[in-house]
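So the structure is just underneath, and the comments pick up after that.
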Amino acid sequence: MRVGLFVPCYVDAFEPEVGIATLELLERLGCTVEYPFDQTCCGQPMTNTGCHAEAAATEALFVKNFSGFDYVVAPSGSCVHQVREHLTAIPQTDEVRHVRASTYELVEFLHDVLKVEDLPWANFPHKVAYHTNCNALRGIHHARPTELVKPYFSKPLDLLRLVKGVELVDLARPDECCGFGGTFSVFEPAVSAKMGYDKVADQNRAGAAYVVSADSSCLMHQKGCAERLGLPLKYIHIAQVLNGAAA
Amino acid sequence: MSVEDLNPREREGVIHPEVRAGHDESERAPDGRRLQHAEAASKPIRAPQTREPQPRGAKIRGDRPINQSEAAERFLAAPLHQAAHDERLWDLRKKRDASAHGVPEWEELRELASQIKTHTLSHLDRYLEQFEAAAKANGVHVHWAKDGADHNRIVLEILRSHGAKTLVKSKSMLTEECGFRHHMAANGIEVIETDLGERIQQLDNEEPSHVVAPAVHKTRMDVAEVFAKTLGTDPDNDDAHYLAESQRETTRPYILKADAGMTGCNFAIAETGTVVTCTNEGNADLSGNVPPLQIHSIGIEKIVPKVEHLGVFIRLLSRSALGSPITQYTSHFRAPRAGTEMHMVLVDNGRSERLGMEEFWTSLKCIRCGACMNTCPVYRRSGGLSYGATYSGPIGLIIDPTFNKRKYSTLPFSSTMNGSCTNVCPVKINIHEQIFAWRKVLVEEHQIPALKQGMMKAAGAVLSRPAAYRAAIGAADSALKVLPRFAVYNPLNTWGKKREMPDAPRQTFHAWYKQNRMKDTGR
Ligand code: SF4
């Protein structure tokens, strides 16, 4: 199984350890992972702003980098959602369709494709609040959102339960958006930050020491908010926890 | 004031207590301090201890694009209002969840409702004609209005031909759309709103901020102040009972002596020519039944084929809106009472044009339950008036631009596209996907600021060229300056005003990979 690793631009720039953990974890689980060296971004910042024409060249580059793989895996629900649902600025050739269909977010890849049932190296003895990115939750169906009257399931929590010592705490508003929202956080900073403040206050009230998520973008925003409010919360990507990060 | 003070909520699990308690759909026991109808029986707004002036909505400047984020910022600057608003609407969302989870076939109901609407809208001409014929056979006068001005003109003619000078009205967003109240005032007709929330808004010279709870952005103190000024009540008494009762006492005489009564329409049944309204205060019954002249304003998308379809929507409507199993009054108006006249005005006002919009026509399925607003995290923090439009919140974002692309061009950007609206919508409108689609349309039609598009163009240029991209974020410490530079011209300002900046990593993943994994490849 040839797996192409996609490290989204902001993970590359701000959270390199998330990319490293993803790579190591996949290798530990027996995958042959390649990192196409000329990769940049999935095009989300542009399409998110409605600028599809401006995203076309970036989308084409993405497809060029990843068309040779059985699977493309990325530690980011929102980027995977972009590739799967919105990579439409370029003609939909067989190659493009293949890349879109075989791009997976890390959690769902571990859960649905590799069907991981054991993570003997993982140990994270902390009180954890899990944050579900909205695109991961409602766009690529990581879990059952609270709005829907459907049977409960949660792929990320299934995985976290394989980690020794994790104690999950419940949030009052588990599925509420944290306000990052891609370029929303930049163009509508007041509402975005207020949503972030409310989110981190909720996590703090729930007694969490760590917030774990499959999306670095949400974590980066929340971390910025928690630090601004002076709350003692720590933020870490699920790839690192599953890969055996101690803290 | 800290965030802690604003949201002293109890911790709750993923499953709300109401759901855990089983399938009890009855109203919770009255505590004596609350009004009895479902809307008012939701969590009361805690009266703030300190007086905080009510923030006002978006500034309207003709067709200039609405600055929603500026108005939202002002709403946020009134933390007591914002917290009460957020808390009350979130409470409605929780009640909605509880009652939805109490109906095992909930998702099937949504699907059925969506299909009935899809079918009806696909054969709208046929059902409208059927409706008209049935209504005429019932002795009703039927009128067709192509837009708001047409509607207002028709109603004015009806009123004039009866020498009517006063009209009592039960809440209708359609008449808001038409600017009805203002038009009537300019023509010497006195219009009195009979819905409590709507009356509050009328007395305060404001538009409704929410389709179900028009004055939800006001605290009880705000209402006490408005009523003290306009109705002469005690300015220091903000008891909900007292205020509601005062409104009722001052409005009833108008109802009794009004020359005409008007209601909106929740559902119009093609088979029988019936108008159905759902209210919690019974005010549509009064507006419809008491005055000698009766007028119903009907948006043409409100049609359902048969009475048997109504049950699907009635089961969904109030559960989605307020979490109550049903609205207190579901009134059917079919034929004029003996010796009176009944008129129905079927209003298009942009609807048939919207019906022709491939990506946006399903927005016509909307039954105006407000669930998407209640769940919307941006709406709850901005207040409905920040959208500067008749329809606010998620549904507003997708229908407002169909009224005026320039004026409402910014609204589809006032969303994180988190998708909760789509999931709560009882008729399954893909709201967040339509928001996404609108952004594309608005960009293509040059309805977004050139600066914003320029930034995206620059971003696209960097992100599609690996060498340029590497140069931009290559050095570890410069990564911070380009958070990502493509998204923010002045990142330190916008991000850092309210949030701490991320730490600069020692090196990018790319550099790490090169150093640790590519030693032998010579690249
Ligand atoms: S769009 Fe859906 S959720 Fe929103 S008001 Fe209309 S019916 Fe209700």
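The values are calculated or read from the model by the stated rules, or taken from the named source; none is laboratory data. Predicted model only: the values in this text are computed from it and were never measured. As a convention, Cβ positions derive from the backbone with ideal geometry for all residues, glycine included, and neighbour counts pool all protein chains shown. These area figures cover heavy atoms from the full protein model, side chains too; ligands, DNA and RNA do not enter into them. Shrake-Rupley method; radii C 1.70, N 1.55, O 1.52, S 1.80 Å.
Quick notes on this structure:
- Looking only at residues in region B:317-326 that are within 14 Å of the ligand (Cβ to nearest atom) and more than 14 Å from chain A (Cβ to nearest Cβ), the one that is farthest from residue B:88 (Cα to Cα) is B:317.
- All conditions in (1) within 30 Å of residue B:447 (Cβ to Cβ); (2) more than 24 Å from the chain's Cα centre (by Cα) hold for residue B:138, with the sole exception of (1).
- Lone unmet requirement of (1) among the hydrophobic types (A, V, I, L, M, F, W, C); (2) open to solvent by less than 20 Å² (accessible area, probe 1.4 Å); (3) within 30 Å of residue B:224 (Cβ to Cβ) for residue B:185: (2)
- With respect to the stated conditions, residue B:314 is of a type in the set (A, V, I, L, M), within 16 Å of the ligand (Cβ to nearest atom) and surrounded by fewer than 23 Cβ atoms within 10 Å (Cβ to Cβ).
- Residue tally, condition more than 14 Å from residue B:263 (Cα to Cα) and not hydroxyl-bearing (Ser, Thr, Tyr), over region B:153-176: 11
- Residue match in region A:182-201 (condition: of a type in the set (Phe, Trp, Tyr) and at pLDDT below 95): yes
- Residue match in region A:53-73 (condition: within 12 Å of chain B (Cβ to nearest Cβ), in contact (Cβ under 8 Å) with a residue 60 or more places away in the chain and surrounded by fewer than 19 Cβ atoms within 10 Å (Cβ to Cβ)): no
- Among the residues of region B:169-196, those identified as within 16 Å of the ligand (Cβ to nearest atom) and part of a helix (DSSP H, G or I) are B:173, B:174, B:176, B:177.
- Filtered residue count, region A:1-29, keeping only those that are more than 16 Å from the chain's Cα centre (by Cα), at pLDDT 95 or above and not in a strand (DSSP E or B): 4
- The condition of being more than 14 Å from chain A (Cβ to nearest Cβ) and either within 14 Å of the ligand (Cβ to nearest atom) or modelled with pLDDT of 95 or more (or both) does not hold for residue B:376.
- Filtered residue count, region B:310-367, keeping only those that are part of a helix (DSSP H, G or I) and farther than 20 Å from residue B:284 by Cβ: 11
- For region B:465-476, a residue qualifies if it is more than 7 Å from chain A (Cβ to nearest Cβ), crowded, with 17+ Cβ neighbours inside 10 Å, part of a helix (DSSP H, G or I) and at pLDDT 75 or above, and exactly one does: B:470.
- Criterion applied to B:345, B:304 was being more than 15 Å from the ligand (Cβ to nearest atom), modelled with pLDDT of 95 or more and hydrophobic (A, V, I, L, M, F, W, C), and the one residue passing it is B:345.
- On the stretch given as region B:248-269, residues that are open to solvent by 10 Å² or more (accessible area, probe 1.4 Å), under 26 Å from the mean Cα position of the chain (by Cα) and modelled with pLDDT under 95 total 1.
- Where helices (runs of 4 or more DSSP H) fall entirely within region B:387-464, those with at least 1 residues that are surrounded by 20 or more Cβ atoms within 10 Å (Cβ to Cβ), away from the ligand (no atom under 11 Å from the Cβ) and at the interface with chain A (Cβ under 10 Å from one of its Cβ atoms) are at B:431-444, B:450-463.
Okay, residues lined up against (1) within 13 Å of chain B (Cβ to nearest Cβ); (2) open to solvent by less than 10 Å² (accessible area, probe 1.4 Å); (3) touching a Leu at 6+ places or on another chain (Cβ under 8 Å):
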| site | (1), (2), (3) |
| --- | --- |
| A:136 | yes, yes, no |
| A:140 | yes, yes, no |
| A:164 | no, no, no |
| A:182 | yes, no, no |
| A:192 | yes, yes, no |
| A:239 | yes, yes, yes |
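- Every residue from region B:355-373 that is open to solvent by 20 Å² or more (accessible area, probe 1.4 Å) and either more than 9 Å from the ligand (Cβ to nearest atom) or more than 13 Å from the chain's Cα centre (by Cα) (or both): B:355, B:356, B:357, B:358, B:359, B:361, B:362
- Test: residue in region B:328-343 that is more than 14 Å from chain A (Cβ to nearest Cβ), touching a strand residue (DSSP E or B) at 6+ places or on another chain (Cβ under 8 Å) and under 19 Å from residue B:393 (Cα atoms): no
- Region B:131-158, residues that are buried (at least 19 other Cβ atoms within 10 Å of the Cβ) and free of Cβ contacts under 8 Å to residues at least 40 places away in the same chain: B:152
- Qualifying residue in region B:159-167 (condition: modelled with pLDDT under 95 and either open to solvent by 20 Å² or more (accessible area, probe 1.4 Å) or over 22 Å from residue B:380 (Cα atoms) (or both)): no
- Some residue of region A:86-105 being touching a Pro at 6+ places or on another chain (Cβ under 9 Å) and within 17 Å of residue A:34 (Cα to Cα): yes
- For region B:201-227, the set of residues classified as over 30 Å from residue B:367 (Cα atoms) and open to solvent by 30 Å² or more (accessible area, probe 1.4 Å) consists of B:221, B:225, listed by residue number.
- Residue list for region A:194-222, filter: facing chain B (nearest Cβ under 7 Å) and basic (Lys, Arg): A:194, A:205
- Given (1) assigned to a strand (DSSP E or B); (2) more than 23 Å from residue B:335 (Cβ to Cβ), number of the condition residue B:107 does not satisfy: (1)
- Subset tally (residues that are more than 8 Å from chain B (Cβ to nearest Cβ), closer than 30 Å to residue B:455 by Cβ and within 19 Å of the chain's Cα centre (by Cα)) for region A:30-46: 2
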